[in-house]
Amino acid sequence: MIITYDSRFQNGEKFAKSLGYKAQSVSEELNDKTVLITRNDGVGQIPETTIEFIKKNKDKILGVVVQGNKKNHPDSFNGAADKIEEQYHLPIIARMDGVDHPEDKETVLNFIKNL
């Protein structure tokens, strides 16, 4: 199991590494099943780097966590999660508001434990 992250300001990377599994960037070759930690780009859009990663590795992605900011972007909060779910039919594990909340970490770890 690998935790893969797409992180612009290292928030996703920090969260991915806090889970206690091997963590790597979406820019690296994936050789195992993964949970993807990503973000919104612009106004609730999926980052291009995430799209490329999903297209290349969809069969290895077990679930997705999307980080957003509800305070600054209430109308498009976690819009990328909705789009990933609709377009790629991947399960959304968590829709995070901000970073590194203990309940989000627990949700993701419980998801992995129950695989």
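Data for the structure
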quantity: Selection count where residues are crowded, with 16+ Cβ neighbours inside 10 Å and at pLDDT below 80, scope region 83-98; calculated: 0
quantity: Residue in region 53-72 that is modelled with pLDDT under 95 and surrounded by fewer than 13 Cβ atoms within 10 Å (Cβ to Cβ) present; calculated: yes
quantity: Test: residue 14 is within 13 Å of the chain's Cα centre (by Cα) and of a type outside the set (Gly, Ala, Ser); calculated: yes
quantity: Which numbered condition residue 56 fails, given (1) in contact with a helix residue (DSSP H, G or I) (Cβ under 9 Å, 6 or more places away or on another chain); (2) farther than 20 Å from residue 111 by Cα; calculated: (1)
quantity: Restricting region 1-21 to residues that are of a type in the set (D, E, K, R) and buried (at least 17 other Cβ atoms within 10 Å of the Cβ), the residue that is modelled with the highest pLDDT; calculated: 6
quantity: The lone exception for residue 80 - which of (1) within 12 Å of the chain's Cα centre (by Cα); (2) assigned to a loop (DSSP other than H, G, I, E, B); (3) at pLDDT below 95 it fails; calculated: (2)
quantity: Any pair with Cβ under 7 angstrom, 6 or more apart, that starts in region 15-37 at a residue that is in contact (Cβ under 8 Å) with a residue 40 or more places away in the chain and ends at one that is surrounded by 14 or more Cβ atoms within 10 Å (Cβ to Cβ) and small (Gly, Ala, Ser); calculated: 35/63
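Conditions tested, residue by residue: (1) within 11 Å of the chain's Cα centre (by Cα); (2) at pLDDT below 90; (3) crowded, with 18+ Cβ neighbours inside 10 Å; (4) within 15 Å of residue 93 (Cα to Cα).
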position	(1), (2), (3), (4)
23	no, no, yes, no
30	no, no, no, no
34	yes, no, yes, yes
45	no, no, no, no
75	no, yes, no, no
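The values are calculated or read from the model by the stated rules, or taken from the named source; none is laboratory data. Note that the coordinates shown come from a computational prediction; the quantities given were computed from them, not determined experimentally. Ideal geometry is used to build each Cβ from the backbone, glycine not excepted, and the neighbour counts take in all protein chains shown.
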